[in-house]
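S.K.: Mind looking over this structure? Questions follow.
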Ligand code: C2E
Ligand code: MG
Ligand code: MG
Ligand code: MG
């Protein structure tokens, strides 16, 4: 096996690339298998309002690999985007959410967020596909929040804008995920049908009085308020962060401090325990 450190002559370098290519070819086959053999699953992370009530959940994909165990989406989403496998994978995610919706409603959870990759959104058939699934499971568009990152807008703003407008007209709610970390301009906040901003974890992890991102976070909340957008703070891990965000009138919170992402049965138990507490 080639090693990255030390010895960086040419042979090592090409060996490294070969390894990488091989790994990718292997992964691609494995993802194919995973789709066929149902190795993917969803976990749901609650999103809370200021009264600690669960007002929504975010669906997050997991790969239960037979040998490697649970693999994080950070490890396979990018590759699945390159190979196009994100298309069947993304469809599976939406269908699974549809199947889980009744159970979620029984927990008094009205909406579910789904992450979309730019490639999914760029396909002409996306709007029809998702409409078809919703009809099949008798689910209404307003029960689904579509999370897109700013990168979607950078690559093809005209196309993104027309599809997002169409989806929004159908009743879907649109969230900008990882807000503040992309390369797009603020102008899109005004131009696009956006309902929710999710402040990225990299800001939230360092908020509080006198902390590094105090000012930026205040400013993002002010922009959202001005444009009448809802705000979710992502990655809330400490009481200090939560307290600061509450005093700044941030409405919604998501993070390990409040709840981890959970399989749906664990989520049901979590909700029951909360009701009794
Ligand atoms: P994301 O959409 O920004 O999701 C939030 C990520 O932060 C999740 O990681 C979640 O588990 C993690 N997280 C939540 N609270 C905390 C916290 O307090 N501290 C820390 N350190 N992390 C926290 P996860 O599940 O590993 O997902 C990573 C990313 O993969 C997601 O980021 C999203 O971009 C992507 N992803 C996940 N599921 C899907 C999917 O079904 N489709 C697509 N296209 N992308 C997905
Ligand atoms: Mg997300
Ligand atoms: Mg995010
Ligand atoms: Mg993030």
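The values are calculated or read from the model by the stated rules, or taken from the named source; none is laboratory data. Predicted model only: the values in this text are computed from it and were never measured. All Cβ positions, even for glycine, are placed from backbone atoms using ideal geometry, and neighbour counts span all protein chains on display.
S.K.: Quick test of your reading of the structure: residue 127 fulfils all but one of (1) modelled with pLDDT under 95; (2) surrounded by 15 or more Cβ atoms within 10 Å (Cβ to Cβ); (3) within 16 Å of ligand 4 (Cβ to nearest atom). Name the failing condition by number.
M.R.: Failing condition for residue 127: (3).
S.K.: From the residues in the stretch 192-217 that are part of a helix (DSSP H, G or I) and surrounded by 14 or more Cβ atoms within 10 Å (Cβ to Cβ), which one is nearest to ligand 4 (Cβ to nearest atom)?
M.R.: This residue is 201.
S.K.: What is the one condition in (1) within 16 Å of ligand 1 (Cβ to nearest atom); (2) outside any strand (DSSP E or B) that residue 232 does not satisfy?
M.R.: Of everything listed in (1) within 16 Å of ligand 1 (Cβ to nearest atom); (2) outside any strand (DSSP E or B), residue 232 misses just condition (2).
S.K.: Assigned to a strand (DSSP E or B), over 17 Å from the mean Cα position of the chain (by Cα) and at pLDDT 95 or above - does that describe any residue in the stretch 91-105?
M.R.: No, the stretch 91-105 has no match at all.
S.K.: Right, something else. Test residue 77 against the stated conditions and say whether it is closer than 23 Å to residue 172 by Cβ and either in contact with a strand residue (DSSP E or B) (Cβ under 6 Å, 6 or more places away or on another chain) or in a helix (DSSP H, G or I) (or both).
M.R.: Spelling it out, residue 77 is indeed closer than 23 Å to residue 172 by Cβ and either in contact with a strand residue (DSSP E or B) (Cβ under 6 Å, 6 or more places away or on another chain) or in a helix (DSSP H, G or I) (or both).
S.K.: Here's something else I'd like to know. Suppose we filter the stretch 107-121 for residues that are more than 16 Å from ligand 4 (Cβ to nearest atom) and in contact (Cβ under 8 Å) with a residue 40 or more places away in the chain; how many remain?
M.R.: 7
S.K.: Are any residues in the stretch 35-60 in a loop (DSSP other than H, G, I, E, B) and surrounded by 16 or more Cβ atoms within 10 Å (Cβ to Cβ), and if so, which ones?
M.R.: Hit for the stretch 35-60 is 39, nothing else.
S.K.: Continuing with the same structure: Being modelled with pLDDT under 95 and surrounded by fewer than 17 Cβ atoms within 10 Å (Cβ to Cβ): is that true of residue 246 here?
M.R.: no
S.K.: Output the residue which, of all residues in the stretch 61-115 that are more than 25 Å from residue 29 (Cβ to Cβ) and within 16 Å of ligand 2 (Cβ to nearest atom), is surrounded by the fewest Cβ atoms within 10 Å (Cβ to Cβ).
M.R.: In this case the residue turns out to be 111.
S.K.: Can you work out which of the residues in the stretch 158-191 that are surrounded by 14 or more Cβ atoms within 10 Å (Cβ to Cβ) and part of a loop (DSSP other than H, G, I, E, B) is farthest from ligand 4 (Cβ to nearest atom)?
M.R.: 172
S.K.: A follow-up question, please. Could you pull out the residue among 116, 60 that is within 13 Å of ligand 1 (Cβ to nearest atom), touching a strand residue (DSSP E or B) at 6+ places or on another chain (Cβ under 6 Å) and within 23 Å of residue 273 (Cβ to Cβ)?
M.R.: 60
S.K.: I would also like to ask the following. State whether one or more residues within the stretch 238-249 are on the phi < 0 side of the Ramachandran plot and within 20 Å of the chain's Cα centre (by Cα).
M.R.: no
S.K.: Next question, about the same structure. Looking only at the stretch 249-274, how many residues end up being touching a residue at least 24 places away in the same chain (Cβ under 8 Å), farther than 14 Å from residue 203 by Cα and not in a helix (DSSP H, G or I)? Talk me through it step by step, then tell me what you get.
M.R.: Keep residues of the stretch 249-274 that are touching a residue at least 24 places away in the same chain (Cβ under 8 Å), which gives 249-255, 258-264, 267-268, 270-271, 274.
With farther than 14 Å from residue 203 by Cα added as a condition, the list becomes 249, 251-252, 258-264, 267-268, 270-271, 274.
Filter once more, keeping what is not in a helix (DSSP H, G or I): 249, 251-252, 258-263.
So the count comes out to 9.
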